[in-house]
1. Among the residues of segment 188-219 satisfying the criterion of being of a type in the set (S, T, N, Q) and not in a helix (DSSP H, G or I), which is nearest to ASN42 (Cα to Cα)?
2. Restricting to segment 220-235, what's the tally of residues that are outside any strand (DSSP E or B), free of Cβ contacts under 8 Å to residues at least 60 places away in the same chain and either within 19 Å of GLY49 (Cα to Cα) or open to solvent by 20 Å² or more (accessible area, probe 1.4 Å) (or both)?
3. Before we move on, is TYR97 under 17 Å from PHE299 (Cα atoms), over 19 Å from the mean Cα position of the chain (by Cα) and buried (at least 22 other Cβ atoms within 10 Å of the Cβ)?
4. For segment 232-242, check the following and say yes or no: at least one residue is under 13 Å from the mean Cα position of the chain (by Cα) and more than 14 Å from PHE43 (Cβ to Cβ).
5. Report, by residue number, each residue of segment 279-305 that is of a type outside the set (D, E, K, R), touching a Leu at 6+ places or on another chain (Cβ under 8 Å) and over 25 Å from GLN41 (Cβ atoms).
6. Restrict the check to segment 16-26 and report whether at least one residue is in a helix (DSSP H, G or I) and open to solvent by 20 Å² or more (accessible area, probe 1.4 Å).
7. Look at GLY12 and say whether it is farther than 20 Å from ASN180 by Cα, surrounded by 16 or more Cβ atoms within 10 Å (Cβ to Cβ) and modelled with pLDDT of 90 or more.
8. For GLU241, which of the numbered conditions (1) assigned to a loop (DSSP other than H, G, I, E, B); (2) surrounded by 20 or more Cβ atoms within 10 Å (Cβ to Cβ); (3) not aliphatic (A, V, I, L, M) fails to hold?
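The values are calculated or read from the model by the stated rules, or taken from the named source; none is laboratory data. Everything numeric in this text was worked out from a predicted model, so none of it was measured. In this analysis, Cβ positions are derived from the backbone assuming ideal geometry, glycine residues included, and neighbour counts consider all displayed protein chains. SASA here: full protein model, heavy atoms, side chains in, ligands and nucleic acids out. Shrake-Rupley method; radii C 1.70, N 1.55, O 1.52, S 1.80 Å.
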Amino acid sequence: MEIRTGGGLAAGELKCHRCPVCDGYGCMGMLPGLGGVFENQNFMLNCEGWALLRGRVAACGRLSELEAVQVGAEALRCGPVTGAVENIGYEKEADFYFPYLSNALSAGFGLCVGDGCPDEKLHLGVEAVRRLGEDAGAVGLAGARAAFFLKPYPQKRLFERIEWVKPYASHIGIDIDSYNILTMRNLVNLEQKTAAQLEDFRKHSGLPFVIKGVFTESDIELVRQVKPDVVYISNHGGRVETRIGSTAEFLAAHAEELHDFCGEIWVDGGIRTYSDVQTALYYGASQVIAARPLIRATFDNCYDEAVEKLISRQA
């Protein structure tokens with residue numbers, strides 16, 4: 001499928017400094033924007049974490065095992081992103097979703113769609129996946145499907161949202177770490193979900209169930225009780241108030257244990273290069289999710305370059 005970015009730069013002003021290395025040092029305090037909380041501490045740790053794990057493997061004399069791991073586009077997904085105006089810098093919210101998801105699909109990446117407030121953000125993501133499915137069908141390809149991640153609204157509202165996304169979903173998950181976004185929690189009454197509530201959510205969905213935002217010991221206990229199809233390790237790119245640490249170190253410390261309670265592990269946070277993806281796969285991830293590099297690549301219409309860095313050993 002042809003990549004459709006619209007050609008040229010997107011309308012608006014990107015809320016990022018386009019640093020040569022996107023490692024969290026150039027956008028401190030930029031929220032709204034693409035920065036993180038705690039002066040970007042977890043953002044930085046996420047980016048550093050993959051090299052540290054790779055160094056650990058090298059120190060044990062096992063680097064050749066890690067380097068033997070094959071990386072293809074099918075191992076990656078674009079991150080679930082909303083807030084195109086306030087966080088990215090688009091002139092219009094609607095201008096982001098179709099190019100972002102179309103580029104990912106054209107690169108062979110899986111799709112993730114996020115939830116947000118107002119409801120328009122989720123509807124725009126749904127509409128983009130619907131359009132991609134229609135376009136794929138028109139040229140004889142399988143219809144596009146995405147993993148949708150819903151915020152932990154009260155159950156009745158969650159069930160309504162499941163019905164919105166279900167026709168276009170491969171997976172439906174709940175974004176448990178977004179409870180820690182204080183402004184949104186107070187605005188739309190987000191809840192800290194119990195295992196019983198998550199079971200009800202899974203039954204209502206009837207699709208592979210993902211718990212996104214697993215990053216603490218209490219999250220692991222929730223996974224033990226619920227046994228989701230997918231555990232998605234994330235600290236929201238360092239954008240939520242949680243414990244200090246990287247998703248890389250959490251994956252390394254807990255992947256073996258988590259695999260006992262789920263079918264797959266997905267991970268995001270600081271994914272920038274082929275080596276990062278390779279390291280995540282070596283440490284037990286089934287899917288690796290990237291967001292900030294693909295956001296910028298979509299905005300600046302330089303997606304081929306971003307893809308090359310993620311799936312080419314020579315990049």
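1. We begin by selecting, within segment 188-219, every residue of a type in the set (S, T, N, Q); these are 189, 192, 194, 197, 205, 216, 218.
Those left that are additionally not in a helix (DSSP H, G or I): 189, 192, 194, 216.
Working: ASN189: 26, GLN192: 22, THR194: 26, THR216: 14 Å.
Looking at the filtered set, the residue picked out is THR216.
2. Taking segment 220-235 as the starting set, the residues that turn out to be outside any strand (DSSP E or B) are 220-229, 234-235.
From the residues that got through so far, the ones that are free of Cβ contacts under 8 Å to residues at least 60 places away in the same chain too are 220-229, 234.
Checking which are either within 19 Å of GLY49 (Cα to Cα) or open to solvent by 20 Å² or more (accessible area, probe 1.4 Å) (or both) leaves us with 221-222, 224-225, 227, 229, 234.
Of the residues in that region, 7 qualify.
3. Details: under 17 Å from PHE299 (Cα atoms): yes; over 19 Å from the mean Cα position of the chain (by Cα): no; buried (at least 22 other Cβ atoms within 10 Å of the Cβ): yes.
Spelling it out, it is not the case that TYR97 is under 17 Å from PHE299 (Cα atoms), over 19 Å from the mean Cα position of the chain (by Cα) and buried (at least 22 other Cβ atoms within 10 Å of the Cβ).
4. We begin by selecting, within segment 232-242, every residue under 13 Å from the mean Cα position of the chain (by Cα); these are 232-239.
This time we only want the ones that are more than 14 Å from PHE43 (Cβ to Cβ), so: 232-233.
Within segment 232-242, one or more residues are under 13 Å from the mean Cα position of the chain (by Cα) and more than 14 Å from PHE43 (Cβ to Cβ).
5. Here is the first cut: in segment 279-305, the ones of a type outside the set (D, E, K, R) are 279-291, 293-295, 297-299, 301-303.
Filter again for touching a Leu at 6+ places or on another chain (Cβ under 8 Å), leaving 279-280, 282-285, 287-290, 293, 295, 299, 301, 303.
TYR282, GLN287, PHE299, ASN301, TYR303 - these are the residues of segment 279-305 that are of a type outside the set (D, E, K, R), touching a Leu at 6+ places or on another chain (Cβ under 8 Å) and over 25 Å from GLN41 (Cβ atoms).
6. The first filter runs over segment 16-26 and keeps only residues in a helix (DSSP H, G or I), leaving none.
Within segment 16-26, not a single residue is in a helix (DSSP H, G or I) and open to solvent by 20 Å² or more (accessible area, probe 1.4 Å).
7. On the way: farther than 20 Å from ASN180 by Cα: yes; surrounded by 16 or more Cβ atoms within 10 Å (Cβ to Cβ): yes; modelled with pLDDT of 90 or more: yes.
In short, yes.
8. Checking GLU241 against (1) assigned to a loop (DSSP other than H, G, I, E, B); (2) surrounded by 20 or more Cβ atoms within 10 Å (Cβ to Cβ); (3) not aliphatic (A, V, I, L, M), the one that fails is (2).
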